[in-house]
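Single-structure report; data block below.
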Amino acid sequence: MESGRLNMQKEKMDILAELEEAVLIYEEKAKKEDILVRYTGPGMLPVIFGDRARLRQVFINVIDNAIKYSDPGGEIRISAAVRGDSILIQVSDDGIGIAPEDLPRVKMRFYKGNYSRRGSGIGLAVADEIIAQHGGSLTLTSTVGVGTTVHILIPVSGQQSAAQSGGEQTIIEIE
């Protein structure tokens, strides 16, 4: 990434499978931290053109941050849905939040607005770059003492439309 190159191996893929895998990876950690994870997603989403491993890395990083900055008894909400010609994935927590003066800088490499929790400050910078390489965007909204929401928007590949993304809703609740 520092050299300006981020190796991507893109192919048509099921983004929902990667998101759900990341949720399952953090199931045990959330339980140990006494944090409830609520996942809501459709039965299926349109195919995207992306790098499976890199997108899973983004989801893992964002979910890990949500757990890291939440207190025991907290809740994390993860959702996925079609929004126009894109897929919107949101990860919200009711954690400590990000100060308004730190919010514009949290995606900068090695920037940490809060040193009370572990981490290097590189995760969101890498996640932002990976999403940008997929033609999408990663934005955050946050209120100190209320929590943070990460909004990930990734364009759908091919000619599939939101109408073709039907399917039943899947809800996984991890306590």
Consider Ala127 against the criteria (1) small (Gly, Ala, Ser); (2) modelled with pLDDT under 70; (3) part of a helix (DSSP H, G or I): it satisfies all of them except one. Which criterion is unmet? (2)
Going by what's in this entry, would Ile63 be described as outside any strand (DSSP E or B), in contact (Cβ under 8 Å) with a residue 40 or more places away in the chain and among the aliphatic types (A, V, I, L, M)? yes
Can you give me the number of residues within the stretch 44-96 that are more than 14 Å from the chain's Cα centre (by Cα) and among the small types (Gly, Ala, Ser)? 7
Taking the stretch 134-149 on its own, how many of its residues are of a type outside the set (A, V, I, L, M, F, W, C) and either surrounded by fewer than 18 Cβ atoms within 10 Å (Cβ to Cβ) or in contact with a Cys (Cβ under 9 Å, 6 or more places away or on another chain) (or both)? 7
Considering only residues of the stretch 83-102 that are modelled with pLDDT of 95 or more and of a type in the set (A, V, I, L, M), which is farthest from Val37 (Cα to Cα)? Ile87
Could you please give the count of residues in the stretch 33-64 that are in contact with a strand residue (DSSP E or B) (Cβ under 9 Å, 6 or more places away or on another chain), surrounded by fewer than 23 Cβ atoms within 10 Å (Cβ to Cβ) and farther than 20 Å from Val82 by Cα? 1
How many residues, within the stretch 126-148, are under 13 Å from Val106 (Cβ atoms) and without any contact (Cβ under 8 Å) to a residue 40 or more places away in the chain? 3
Cβ-Cβ under 6 Å pairs, at least 6 apart or on other chains, the stretch 81-104 side among the acidic types (Asp, Glu), far side part of a strand (DSSP E or B) and crowded, with 19+ Cβ neighbours inside 10 Å: Asp93/Ile76; Asp93/Gly147; Asp93/Thr148; Asp94/Gly147
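The values are calculated or read from the model by the stated rules, or taken from the named source; none is laboratory data. Remember, it's a predicted structure, so these values are computed and weren't measured experimentally. Backbone-built Cβ (ideal geometry, glycine too); neighbour counts: all protein chains shown.
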